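A.B. asks: Please find one structure pasted underneath; my questions will follow.
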Amino acid sequence: MGQIKKILVALAATEYCRGIFDYTVTLATALDADILVASIINSRDIDAVRQMADMGYQIDADRYVADIRATREQEIEAVLRRTDFPPDRIRVVIHTGKPIDELLRVIKQESVDMLVMGTKGRTDIEHILMGSVADKMFRKSPVTIVSYRDAHQAQRIQKRLDL
């Protein structure tokens with residue numbers, strides 16, 4: 001593995017995003033790397049909203065995307081305000097699409113050296129050890145992935161291992 005110059009951190013609208021970002025800052029500081037924050041608006045959700053609109057519900061898919069984007073921007077800005085990491089070394093991108101495809105595209109286009117991501121997404125439905133996006137990224141990513149677990153997640157995994 002070569003020198004780590006750029007770390008991508010995948011942030012979704014979850015309770016874990018502050019912890020994931022703080023951990024990324026720790027790594028970036030130790031490695032003297034820049035941080036690229038990526039948040040992906042899942043196209044599956046947009047498709048569901050469009051289907052509801054097609055059934056006659058008063059829902060506007062474009063407005064939905066705009067609202068989600070604005071919410072993500074606000075949440076990410078709140079996380080960034082709490083850090084003392086140099087703001088000129090952090091960049092944020094928000095994309096719409098399939099999370100796995102978009103993250104892989106960002107890795108390639110941005111010449112990312114490492115990815116930090118949580119092991120759980122928006123729901124508490126657990127796959128055996130991690131969420132489906134994290135699981136697929138571990139199999140497909142061309143760069144090293146560091147998985148972040150908060151203390152609560154780590155305790156649950158430890159309890160399973162102690163059985």
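A.B. asks: Computed over the Cα atoms of the stretch 26-126, what is the convex hull's projected area averaged over all directions, in nm²?
C.D. replies: Values: hull surface 32.5 nm².
Mean projected area of the Cα convex hull: 8.1 nm².
A.B. asks: Sticking with this structure for a sec: Can you sort Glu15, Glu77, Glu110 by 1.4 Å-probe accessible area, starting with the largest? Please list the in-between numbers first.
C.D. replies: Working: Glu15 150, Glu77 85, Glu110 45 Å².
These residues rank, largest area first, as Glu15, Glu77, Glu110.
A.B. asks: Using the heavy atoms of the protein chains and a 1.4 angstrom probe, tell me the accessible area per residue for the stretch 68-120 in square angstrom. Don't jump to the answer; show the numbers that get you there.
C.D. replies: Numbers: 2910 Å² over 53 residues.
Accessible area per residue, the stretch 68-120: 55 Å².
The values are calculated or read from the model by the stated rules, or taken from the named source; none is laboratory data. Given the structure is predicted, the values throughout are model-derived calculations rather than measurements. With ligands, DNA and RNA removed, areas are computed over all heavy atoms of the protein, side chains included. Shrake-Rupley method; radii C 1.70, N 1.55, O 1.52, S 1.80 Å.
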